[in-house]
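K.L.:
Here it is, the structure, as structure tokens.
What follows draws every value from the coordinates through simple rules; no lab data is involved. Please read all numbers here as calculations on a predicted model, not as lab measurements. Neighbour counts are summed over all protein chains in view; Cβ atoms, including those assigned to glycine, are modelled from backbone coordinates with ideal geometry.
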Amino acid sequence: MSKFRPAVDVLATASARAPESPQEVPDGPAVATSSLCKRFGQIDAVKDVSLAVPRGVTFGLLGPNASGKTTLLRLLAGVLKPDSGHVWVLGVSPGLDLRAHVGYMPQAAGIWDLMTAWENMRCFAGIQGVASKAQMEEALELVGLKDQMHRLVKHLSIGMQRRASLACALVHRPHVLLLDEPTVGVDPVLKVHFWEHFRQLNAEGVTIVLSTHAMDEAERCHRLAIMREGCLLAQGSPHELKELTGASTLESAFLRLVGEGIELY
Ligand SMILES: Nc1ncnc2c1ncn2[C@@H]1O[C@H](COP(=O)(O)OP(=O)(O)OP(=O)(O)O)[C@@H](O)[C@H]1O
Ligand SMILES: [Mg+2]
């Protein structure tokens with residue numbers, strides 16, 4: 001008998017249940033989906049995904065390229081409409097009414113590059129209903145861009161552009177932050193600073209859903225969802241996923257779950 005457990009075993013034990021109706025649950029999950037599906041032509045980008053994200057945690061989406069992480073985040077942000085299934089953010093369907101409560105940092109250019117970081121910030125703050133100059137300065141300070149804020153975005157380095165995009169997502173102090181690979185291109189020192197801030201936001205009750213390919217970041221998430229080909233393979237804390245697969249590291253657990261056949265036992 002093979003000493004490798006087939007992926008299907010893991011699929012069978014994956015726990016991915018979402019509440020029936022989060023709207024009716026006081027203090028229910030900050031974010032939930034039920035049988036969520038999104039297709040692009042022949043591609044099932046998100047397939048039958050049900051998950052529940054408790055309030056005040058950092059929830060990580062892990063998966064190979066094209067596994068559906070960005071599509072799922074876009075569905076949660078209300079940028080895309082599902083083909084079927086449901087999304088609830090703070091108990092309601094994503095839409096304009098939520099803009100004051102949700103911050104979304106897309107994976108690809110989410111800010112205007114012919115404007116300065118400060119001008120971008122003003123636009124986002126206006127859309128989200130924040131007028132406070134102090135809040136805008138605070139967000140730029142957090143991402144270490146205050147001294148660069150009057151430069152055109154297109155003249156900033158890629159890492160700086162990502163930092164400006166993050167500042168725009170959190171300027172209005174949302175209850176839910178949806179961040180698509182927020183630390184790509186960000187230097188290690190600032191990355192540590194970001195994670196300290198994420199922790200602080202969690203302590204204040206803010207829920208963060210982020211995607212990442214970095215295992216050190218995944219290890220810092222309270223809970224993780226592993227995706228492959230649009231499907232949710234497993235959900236759990238980093239510790240639970242290691243236990244589920246018998247792996248000693250999260251990277252091994254991840255590789256086991258996505259079926260790379262890494263020897264774990
Ligand atoms: N607007 C679109 N039109 C057509 N296909 C799309 C569109 N958006 C995503 N897809 C497809 O859906 C699948 C999932 O893509 P998605 O961007 O969600 O993956 P991902 O997990 O975020 O990948 P990565 O790690 O590379 O960012 C891919 O096959 C992709 O080509
Ligand atoms: Mg992506």
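K.L.:
Report ³J(HN,Hα) in whole Hz for each residue of the stretch 240-253, in order, from the Karplus equation J = 6.51 cos²θ - 1.76 cosθ + 1.60 where θ = phi - 60°; Gly and Pro get x.
P.N.:
Taking θ as phi minus 60°, the curve returns 4, 5, 5, 4, 4, 9, x, 8, 8, 10, 5, 4, 5, 4 Hz for the stretch 240-253.
K.L.:
Out of the DSSP beta bridges found with both residues in the stretch 159-265, what percent are antiparallel (nearest 5)? Show your work: numbers first, answer last.
P.N.:
Details: 5 of 10 bridges.
Counting DSSP beta bridges with both partners in the stretch 159-265, the antiparallel share is about 50 percent.
K.L.:
I would also like to ask the following. Round to the nearest 10 and give me the degree value, 0 to 90, for the angle of helix 188-203's Cα axis relative to the longest principal axis of the chain.
P.N.:
Compared with the principal axis, the helix lies near 80 degrees.
K.L.:
With +1 assigned to the C-beta of every Lys and Arg and -1 to the C-beta of every Asp and Glu, and no other charges, what is the dipole magnitude of the stretch 23-171 about the Cα centre in debye, to the nearest 20?
P.N.:
Value, rounded to 20: 360 debye.
K.L.:
For the stretch 45-59, take each phi angle, set θ = phi - 60°, evaluate the Karplus expression 6.51 cos²θ - 1.76 cosθ + 1.60, and give the result in whole Hz per residue in order, putting x for glycine and proline.
P.N.:
Along the stretch 45-59, the couplings run 6, 9, 10, 6, 8, 10, 8, 9, 10, x, 6, x, 10, 9, 10 Hz.
K.L.:
How long, wide and thick is the chain, going by the Cα atoms along their three principal axes, in whole angstroms, largest first?
P.N.:
Between the extreme Cα coordinates on each principal axis of the chain lie 64, 40, 39 Å.
K.L.:
Now for a separate question. Using a 10 Å cut-off on Cβ atoms, rank the peptides 152-158, 221-227 from the highest mean neighbour count down.
P.N.:
Numbers: 152-158: 13.7, 221-227: 22.9.
Going from most to least packed, we get 221-227, 152-158.
K.L.:
Further question: Might you report the magnitude of the Cβ-based charge dipole of the chain about its Cα centre, with Lys and Arg at +1 and Asp and Glu at -1, to the nearest 20 debye?
P.N.:
Working: 26 positive and 28 negative charges, 75 e Å.
Computed about the Cα centre, the dipole is about 360 debye.
K.L.:
While we're looking at this one, here's another question. Hey, can you grab everything whose amide H is under 5 Å from the amide H of LEU177? Only 5+ residues off in sequence or another chain; H modelled, so Pro and N-termini drop out.
P.N.:
GLY103, THR207, ILE208, VAL209
K.L.:
Roughly how many nanometres apart are two label points built 7 Å out from the Cα toward the Cβ at HIS101 and GLU141?
P.N.:
About 2.9 nm, to one decimal.
K.L.:
Here's another thing I want to ask about it. Rank these for me by crowding, CYS37, CYS168, going from fewest to most other beta carbons within 10 Å. Don't skip to the answer; put the middle values down first.
P.N.:
Values: CYS37 17, CYS168 28.
Result, fewest neighbours first: CYS37, CYS168.
K.L.:
Fewest Cβ neighbours within 10 Å first, please rank PHE198, PHE124, PHE40 accordingly. Write out the running numbers ahead of the final one.
P.N.:
On the way: PHE198 22, PHE124 25, PHE40 11.
In increasing order of surrounding Cβ atoms, one gets PHE40, PHE198, PHE124.
K.L.:
Given 0.36 nm per residue, what is the gain on full extension from GLU229 to ARG199 after removing their alpha carbon distance, in nm? Numbers along the way, then the final one.
P.N.:
On the way: separation 30, 0.36 × 30 = 10.80 nm, distance 3.01 nm.
Difference between extended and current length: 7.8 nm.
K.L.:
Moving on to the next point. Once amide H atoms are placed 1.01 Å from N in the peptide plane, what residues at a sequence separation of 5 or more from SER50, or on another chain, have their amide H within under 5 Å of its amide H?
P.N.:
Amide H to amide H, under 5 Å and 5 or more residues apart or across chains, SER50 pairs with SER35, LEU36.
K.L.:
Here's something else I'd like to know. Using amide H atoms built in the peptide plane, which far-off residues or other-chain residues are under 5 Å from MET115 H to H?
P.N.:
HN-HN under 5 Å from MET115: VAL153, LYS154.
K.L.:
Within the chain, what's the longest stretch lacking GluC sites (Glu not before Pro) that sit in DSSP loops with no more than 13 other Cβ atoms inside 10 Å? Kindly include the intermediate steps, with their values, before the conclusion.
P.N.:
Details: sites that count: GLU20, GLU204, GLU260, GLU263.
The reported range is 21-203.
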